[in-house]
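These notes are about the structure you will find just below.
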Amino acid sequence: MRKIIQLFMHAIRGEEQNYTDISINRAIFLLSVPMILEMIGESLFAVVDAFFVARYIGTEGVATVGLTESVLTLIYSLAIGLSAAATAVVARRIGEGNKIGAGLAVAQVIMISLVFGVSVGILGFVFAEDILRLMGGSEHLIDKGSSFTRIIFASSPSIVMLYTLSGALRGAGDASTAMRSILLANLINIIMDYILIPIMGFGVEGAAIATTVGRTIGVLYQLYALYGGNANIQILAKQFVPNKEVIKNILSMAAGGTGQFLIQSASWIFLTRILSTFGSEVVAGYTIAIRIIIFTILPSWGMSNAAATLVGQNLGAGKPERAETSVWRTAFYNMIFLLLVGLIFAFFAKNFVEIFSNDPIVVANGVLCLQIVCLGYIFFGYGMVIGQSLNGAGDTLSPTIINFVCFWLLEIPLAYFLAKTLDWGPSGVFWSIAISESILAVVAIFVFRRGRWKTMTV
């Protein structure tokens with residue numbers, strides 16, 4: 001037990017930044033722990049803002065946050081794509097022992113992030129009222145909430161860079177710094193939310209200011225770490241000149257990562273639309289169940305990101321077999337974890353759902369969703385890790401195609417067929433999720449075993 005605690009503290013401190021020579025199990029643990037905490041930190045932003053706005057401002061404020069966040073999903077998707085590309089490129093250069101090359105990749109990522117963030121920020125700031133109106137906001141909500149939307153969109157550079165620089169740090173094996181930057185940003189956000197909203201009475205604008213300041217400080221911390229604290233990366237002033245080859249490579253991979261996120265997000269929208277035909281209680285139960293699932297699989301995303309870093313660094317070091325072994329081992333550990341979570345849901349799903357609602361219909365549908373979806377968790381464990389590992393190798397196209405086929409060509413039609421044609425009702429939609437996710441994992445394993453990812457040039 002003492003050794004585990006020591007290893008845990010070692011992972012938090014992040015003293016190890018090159019993972020191509022140490023024990024694979026040790027590498028997985030040292031990378032996974034801070035990445036899991038980072039994923040939890042990422043999820044806290046929206047939760048904290050929603051809590052303070054709901055408690056001290058009211059329904060209209062929550063609606064403003066919700067409408068703005070729904071549009072920001074597009075920014076998040078592009079930022080996630082860039083983050084995946086940054087991880088792949090930086091990890092490959094680190095594995096090669098190319099500090100200058102890693103620095104060049106980071107410099108190009110910073111420039112791309114700034115151009116994209118500033119461009120979107122200007123558009124969002126200027127057309128804030130139109131965005132809220134387009135999303136169905138009332139004139140009263142627009143009048144009261146447009147300042148929130150303006151501030152949030154003005155912070156787009158910080159939003160994008162917080163994602164992309166975290167990806168670069170993960171690629172460098174410095175997952176602990178990425179974790180600390182997110183936790184620092186969250187801490188500032190929580191403190192400022194409390195000061196600005198209930199104490200100073202800033203209203204919904206206070207949440208926007210708190211989030212913006214928190215994220216900006218997080219980005220500044222990341223930049224400080226990249227410039228002065230990472231021995232594997234050497235960033236030079238002359239690198240901040242557009243390099244067409246590197247930019248093209250990054251954008252090409254980012255397009256795949258963004259496509260994966262958008263495809264999956266859009267599929268949830270279609271499933272919700274099908275479920276809406278069965279009543280609001282069904283949608284509420286489904287929404288609660290999905291929120292529970294998303295929170296409980298955060299450790300799985302952490303392990304998946306760890307696998308992506310290990311793949312990139314080991315390929316760069318000319319160790320493709322070690323990269324493959326790292327993926328299979330991480331996927332196995334993830335499967336065990338999700339299997340345990342699935343067993344908990346199988347027996348205690350009602351206890352989890354009742355935390356959010358006492359409505360018997362809502363609870364019944366939430367429980368049904370959890371119990372059916374968790375049947376596919378054994379497959380999910382492998383699918384998540386292998387998908388991210390392909391991204392880490394620079395092969396973002398294969399997961400994008402797999403997602404498109406499994407989510408749009410299989411999951412959505414299957415959900416409608418089972419729910420409507422066969423008259424299974426909401427359970428048909430839930431079964432479509434378990435079936436399509438399981439098939440996705442099988443297809444991903446087949447693609448991974450072919451080994452094309454080992455020859456990808458990044």
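Can you confirm whether the range 387-403 contains a residue that is part of a helix (DSSP H, G or I), aliphatic (A, V, I, L, M), under 23 Å from S23 (Cα atoms) and modelled with pLDDT of 95 or more? Can you show your working first?
Looking only at the range 387-403, we keep the residues that are part of a helix (DSSP H, G or I), and these are 387-392, 397-403.
From what's left, aliphatic (A, V, I, L, M): 390, 397, 401-402.
Now narrow it down to the ones that are under 23 Å from S23 (Cα atoms): 390.
From the residues that got through so far, the ones that are modelled with pLDDT of 95 or more too are 390.
Checked the range 387-403: at least one residue is part of a helix (DSSP H, G or I), aliphatic (A, V, I, L, M), under 23 Å from S23 (Cα atoms) and modelled with pLDDT of 95 or more.
Determine whether the range 266-289 contains at least one residue that is within 23 Å of V341 (Cβ to Cβ), aliphatic (A, V, I, L, M), within 16 Å of the chain's Cα centre (by Cα) and not assigned by TED's automatic domain parsing to the domain that holds I40.
Checked the range 266-289: no residue is within 23 Å of V341 (Cβ to Cβ), aliphatic (A, V, I, L, M), within 16 Å of the chain's Cα centre (by Cα) and not assigned by TED's automatic domain parsing to the domain that holds I40.
When you scan the range 218-237, do you find a residue that is more than 28 Å from N18 (Cα to Cα) and exposed (fewer than 14 other Cβ atoms within 10 Å of the Cβ), even just one?
no
Looking at G214, is it assigned to a helix (DSSP H, G or I), at pLDDT 95 or above and either within 20 Å of I122 (Cα to Cα) or in the same structural domain as L82 (by TED's automatic domain parsing) (or both)?
Values: assigned to a helix (DSSP H, G or I): yes; at pLDDT 95 or above: yes; either within 20 Å of I122 (Cα to Cα) or in the same structural domain as L82 (by TED's automatic domain parsing) (or both): yes.
Here the answer is yes, as G214 does meet what is asked.
Go over the candidates A331, A349 one by one and state the one that is closer than 21 Å to V429 by Cα and surrounded by 20 or more Cβ atoms within 10 Å (Cβ to Cβ). Walk me through it before giving the result.
Values: A331 fails: closer than 21 Å to V429 by Cα.
Exactly one of A331, A349 is closer than 21 Å to V429 by Cα and surrounded by 20 or more Cβ atoms within 10 Å (Cβ to Cβ), namely A349.
Take the residues in the range 154-174 that are of a type in the set (A, V, I, L, M, F, W, C) and in contact (Cβ under 8 Å) with a residue 60 or more places away in the chain; name whichever of them is farthest from I233 (Cα to Cα).
Looking only at the range 154-174, we keep the residues that are of a type in the set (A, V, I, L, M, F, W, C), and these are 154, 159-162, 165, 168-169, 172.
Filter once more, so that each one left must be in contact (Cβ under 8 Å) with a residue 60 or more places away in the chain: 159-162, 165, 168-169, 172.
Working: I159: 23, V160: 21, M161: 17, L162: 18, L165: 13, A168: 10, L169: 10, A172: 8 Å.
Checking each candidate, the answer is I159.
Within the range 92-208, which helices (runs of 4 or more DSSP H) (wholly inside it) include 2 or more residues that are among the basic types (K, R) and either under 20 Å from S70 (Cα atoms) or at pLDDT below 90 (or both)?
139-154
Return yes when M1 is more than 22 Å from A255 (Cβ to Cβ) and in contact with a Phe, Trp or Tyr (Cβ under 6 Å, 6 or more places away or on another chain) and no when it is not. Steps first, please.
Numbers: more than 22 Å from A255 (Cβ to Cβ): yes; in contact with a Phe, Trp or Tyr (Cβ under 6 Å, 6 or more places away or on another chain): no.
So M1 does not fit the description; no.
The values are calculated or read from the model by the stated rules, or taken from the named source; none is laboratory data. All figures in this text were calculated on a predicted structure; none of them were measured in a lab. Reconstructed Cβ throughout: ideal geometry from the backbone, glycine too, with neighbour counts over all protein chains shown.
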